[in-house]
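The values are calculated or read from the model by the stated rules, or taken from the named source; none is laboratory data. These numbers come from a predicted model, not from an experiment. Cβ coordinates were reconstructed from backbone atoms using ideal geometry, including for glycine residues, and neighbour counts include every protein chain displayed.
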Amino acid sequence: MNKTLIGAALLASFALAGCGTLSKVDSEGKTDNPVFPAAEDTSFHTGSYPNIDNLRQVGDGVTRDQLYDLLGRPHFAEGFQVREWDYLFHFNTPEGRKTCQFKVLFDEDKIGRSFYWAPAECADIVKGQAPMKPFSLSGDVGFAFGSAVLTTAGLSTVRDVATQLKQLSKLEQVAVAGHTDRIGDAGANQRLSQQRAESVRNALVAQGIPSSAVRAQGYGESRPAVQCDQQDRNDLIACLAPNRRVDIEVQGQR
């Protein structure tokens, strides 16, 4: 190789190495000022649409091999022995396509420690596509003792849940789980728990939630939320109220 080619190769190497030093990263993989490369400098030119489930697995302690498996190679010419990787991601949102930059900073052992989004609200897109937190109708809020008929307060809660479900950009599944306390016959409690689950399912469907997305399952007294040992029956019924409940767990995207 002649001197001209060698010189060109060295210059190219230094140029690439410079691309990986945008942020001042300390030995613990932290920085006070994360600096993002210009989006138009991406080596992929168009970026990519990430796998959301893979993106959610990225966190403190991730290795470079794991990042490569989960997200692919960085989208920018980061250089050699760098302490940061940058990606250009696109997301389909109700408002249209959103383009975001994602930065990973590594400690001195090349373990991922810090993670940044530009713009910052891009982090909410990923969080918003996570499964929603479960709802619960418990005790006499949802049902009277021994009953599978929703109370007025219970119906109001179901309406609130349905309103939130309708705001999702995509509703995948609603799992309605009915439960009872331990008072009475186990077989009767199993039937009662199923009836309670069906009552909530029917109420959700009546509020406009697609019936195909909602399933109901009764679990009887097998999954208590609390344990009680009161001797007085009224006191015991009051104590066991959290066990007389219906849980609503939702899978969907905001």
Can you name every residue in segment 182-221 that is farther than 28 Å from residue 166 by Cα, surrounded by 15 or more Cβ atoms within 10 Å (Cβ to Cβ) and of a type in the set (A, V, I, L, M)? 183, 192
Residue in segment 45-70 that is surrounded by the fewest Cβ atoms within 10 Å (Cβ to Cβ), counting only those that are in contact (Cβ under 8 Å) with a residue 24 or more places away in the chain and among the aliphatic types (A, V, I, L, M): 52
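For residue 108, are the conditions met, namely being of a type outside the set (Lys, Arg) and outside the structural domain of residue 226 (by TED's automatic domain parsing)?
Working: of a type outside the set (Lys, Arg): yes; outside the structural domain of residue 226 (by TED's automatic domain parsing): yes.
For residue 108, the condition - of a type outside the set (Lys, Arg) and outside the structural domain of residue 226 (by TED's automatic domain parsing) - is met.
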Just to confirm my filter: which helices (runs of 4 or more DSSP H) fall fully inside segment 1-79 and include at least 3 residues that are more than 20 Å from residue 99 (Cα to Cα) and modelled with pLDDT of 90 or more? 64-71
Members of segment 152-183 that are among the hydroxyl-bearing types (Ser, Thr, Tyr) and in contact with an Asp or Glu (Cβ under 7 Å, 6 or more places away or on another chain): 180
Is there a residue in segment 203-217 that is among the charged types (D, E, K, R) and under 29 Å from residue 127 (Cα atoms)? yes
Within the set of pairs 6 or more residues apart or between chains, which connect a residue that is not assigned by TED's automatic domain parsing to the domain that holds residue 247 inside segment 222-235 to a residue that is among the polar types (S, T, N, Q) and at pLDDT below 95 with Cβ atoms less than 7 Å apart? none
Restricting the search to segment 178-197, which residues are farther than 12 Å from residue 143 by Cα, part of a helix (DSSP H, G or I) and of a type in the set (A, V, I, L, M, F, W, C)? 186, 188
Answer from 175, 203 - the residue that is of a type in the set (Gly, Ala, Ser) and assigned to a helix (DSSP H, G or I): 203
Kindly indicate whether residue 187 is modelled with pLDDT of 95 or more, among the small types (Gly, Ala, Ser) and out of contact with any strand residue (DSSP E or B) (no Cβ under 7 Å at 6 or more places or on another chain). yes
Looking at the structure I just gave you, is residue 29 assigned by TED's automatic domain parsing to the domain that holds residue 110, more than 22 Å from residue 124 (Cα to Cα) and in contact with a strand residue (DSSP E or B) (Cβ under 7 Å, 6 or more places away or on another chain)? yes
